[in-house]
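Single-structure report; data block below.
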Amino acid sequence: MTITHISAECYPIAKVGGLADVLGALPKYQNELGVTAQVVMPFYNNKFTKSHNFKPIYNDTIQLDETDYDFRILTLKDNTLGFEVFFVDVPELLYTDFVYTSDDTERFLAFQIAALDWIAQDDTVPDIIHCHDHHTGLIPFMVQESFKYNRLRRIPVAFTIHNAQYQGWFSHDLVGLIPDFKFKHVGLLDWNHVINPLAAAIKCSWIVTTVSPSYMDELKQDANGLESLLSDEHAKCIGILNGIDTEVWNPETDPLIIDNYNQETVEFGKQANKAFLCKEFNLDINKPLFAFIGRLVGQKGADLFPAIFTDALINNDISILLLGSGEKHTENELNILKHKFNTNNYNAFIGYDEKLSHIIYAGADFLLMPSRVEPCGLNQMYALKYGTVPIVNSVGGLKDTVEDIDYGGFGICHNEVSVAEVSHAITRASEFYNSEKFKQTRTEIMSIDHSWHASAQSYLNVYNSLNPFL
């Protein structure tokens, strides 16, 4: 069986969020199960592409409206990723130092069309095409409806929703950019009088998955306007919990952290990493260290962070360290807090640093995830692997992976994203830190298996259900 994943992101090549982590791990684990999984993604102008060598294997031209764009398909000369990656190089549209902009309609249309043009002409075609998020959402429609892709029509197309809040909407005025199809089927592209790639993918894919069972349930109640569509298509919808790549995220072997450790040495290992963080960010090592890593956006509850942190720091003897970037107003407010709390109990690194994120997982005592929406969440799984207790809002994948300590679990859970609720959760965590059970819990959570092994097999089972002859 050959599975072709198509995505805008893939770690370590290009990462904005959890989508990249999934695409950097799932194909590798699927290959270990004896199939051939590969990734097709855009060729960006970034650190990875500048530091690696590539070879072209195909070139052609696509047309968008009345403009012709030359494109190439590239592969890595030396690939150590554990799966093959094919890069779609459309220099005028995709070779940028960013993954996304405020209007990516033509960029990602070019990517999808070029990818399908290449796949359709190849001597062998994949057994499964697996698309990820709205940036690839028109592929299921084009495979089913566009005349030029008739050869691909019998190939099962799977589609995974990583985040339904972003849907790729654009005007019907641009429908001519899509390769020719029977116009009477244009309704497959439409949702609320605009072309909606995510809606089109849900309608036209053979199977629709999300990244956790609870998120699939939640989407039927809140999917940014697609609730009724997902309810109507429920028979082909399934939630499969993401995993983490334990070759990358393993405190015993992680080359990015200060001191490696396992369950037996967790106390000393975490203390060494915490000592580094406290020295680097002027924090008190004797206080419990609470951390946040991620995008500073409303979905993550970040708009409330200035008020939450202020309340928590006034009422608890703790330290807080934040690593993230996003909405400028929130960034500014969090920077201002540095001047308000300059007594070694608060600091913020505005931006992103992969190495620092690993050290924070290793050195923090608690990880904050007060997300309003969290389709799966990987950060809480990383935290568990590194012996860091997660504090989460019980939604989506957070609900599926973190149980509260008061109910025999190992995390701190709350059911509302408000200053009062999150602050109360921090207070509970602070009290837990000083209990005998804290060290025991920290050791036990490191053994929880959230690797990709089971999830990769679940996807193969889904593929086999689409075509039992694979």
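Coordinate-derived values only; no laboratory data. All values reported here derive from a predicted model rather than from experimental measurement. Glycine also receives a Cβ, built like all others from the backbone with ideal geometry; neighbour counts cover every protein chain displayed.
Below is a table of values for the structure above.
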| quantity | calculated |
| --- | --- |
| Neighbour-count order for PHE292, PHE43, PHE54, fewest beta carbons within 10 angstrom listed first | PHE54, PHE43, PHE292 |
| Amide H partners (placed H, <5 Å) of ILE320, local residues excluded | PHE290, TYR346, ASN347 |
| Cα-centred dipole magnitude for the range 140-281, charges only on beta-carbon of K, R (+1) and D, E (-1), debye, nearest 20 | 860 |
| Long-range tail of P(r) for the chain (Cα pairs > 37 Å, %) | 28 |
| Gain in span if fully extended, LEU256 to GLU84, counting 0.36 nm per residue against the direct Cα distance | 59.4 nm |
| Volume of the Cα convex hull of the range 167-256, divided per residue and given in Å³ | 166 |
| The chain: angle of helix 453-466 to the longest principal axis, Cα-based, in degrees nearest 10 | 30 |
| Cα lying deepest toward the dipole's positive end in the chain, options VAL88, HIS134, ASN163, charges on Cβ | VAL88 |
| Compactness index (Cα Rg / 2.2 N^0.38 Å), the range 266-445 | 0.92 |
| Greater than 29 Å apart at Cα, pairs in LYS55/LYS148; LYS274/LYS340; LYS77/LYS385; LYS15/LYS274; LYS47/LYS220; LYS279/LYS340 | LYS77/LYS385; LYS47/LYS220 |
| Loop-exposed trypsin sites (Lys or Arg not before Pro) per DSSP, neighbour cap 14 Cβ within 10 angstrom, longest uninterrupted part of the chain | 183-470 |
| The range 394-470 - Rg and Dmax from Cα coordinates, angstrom | 17.9, 57 |
| Interatomic Cα distance distribution for the range 87-218, bins of 10 angstrom, percent | 12, 44, 36, 8, 0 |
| Kirkwood hydrodynamic radius over Cα pairs of the range 1-120, then Stokes diffusion coefficient at 10 °C and 1.306 mPa s, in µm²/s | 109 |
| Angle between the chain longest axis and helix 328-340 axis [Cα atoms, degrees, rounded to 10] | 10 |
| Per DSSP, loop GluC sites (Glu not before Pro) in the range 353-458 with at most 16 further Cβ within 10 Å | GLU403, GLU416, GLU436 |
| Cut-off 12 Å between beta-carbons: net charge of the residues surrounding TYR58, Lys and Arg +1, Asp and Glu -1 | -4 |
| Counted charge near GLU227, where neighbours are those whose Cβ lies closer than 14 Å (Asp, Glu -1; Lys, Arg +1) | -4 |
| Assigned charges on the beta-carbon of Lys, Arg, Asp, Glu; the range 266-445 dipole about Cα centre (debye) | 420 |
| J(HN,Hα) series, the range 138-148, from Karplus relation 6.51 cos²θ - 1.76 cosθ + 1.60, nearest Hz, glycine and proline x | 8, 4, x, 5, 5, 4, 7, 10, 6, 4, 5 |
| Ranked HIS424, HIS234, HIS193, criterion: other C-beta atoms within 10 Å, fewest first | HIS193, HIS234, HIS424 |
| Alpha-carbon Debye profile of the range 331-407, log10 I(q)/I(0) at 0.18, 0.24 Å⁻¹ | -0.87, -1.16 |
| Sequence of LEU109, LEU23 once ranked by neighbouring C-beta atoms within 10 Å, starting from the fewest | LEU109, LEU23 |
| 3J(HN,Hα) from dihedral phi, the range 184-194, Karplus parametrisation 6.51/-1.76/1.60, rounded to Hz, x for glycine, proline | 5, 9, 4, x, 5, 8, 8, 8, 6, 6, 9 |
| Under 12 Å, Cβ to Cβ, from GLU267 - net charge with Lys/Arg +1 and Asp/Glu -1 | +1 |
| Positive dipole terminus of the chain, leading residue within PRO255, GLY239, ASN464 (C-beta point charges) | PRO255 |
| Label-point separation, ASN150 to ASP353 (7 Å along Cα→Cβ), nm | 5.8 |
| Where Rh is the Kirkwood radius over Cα pairs, Rg/Rh for the range 223-372 | 1.06 |
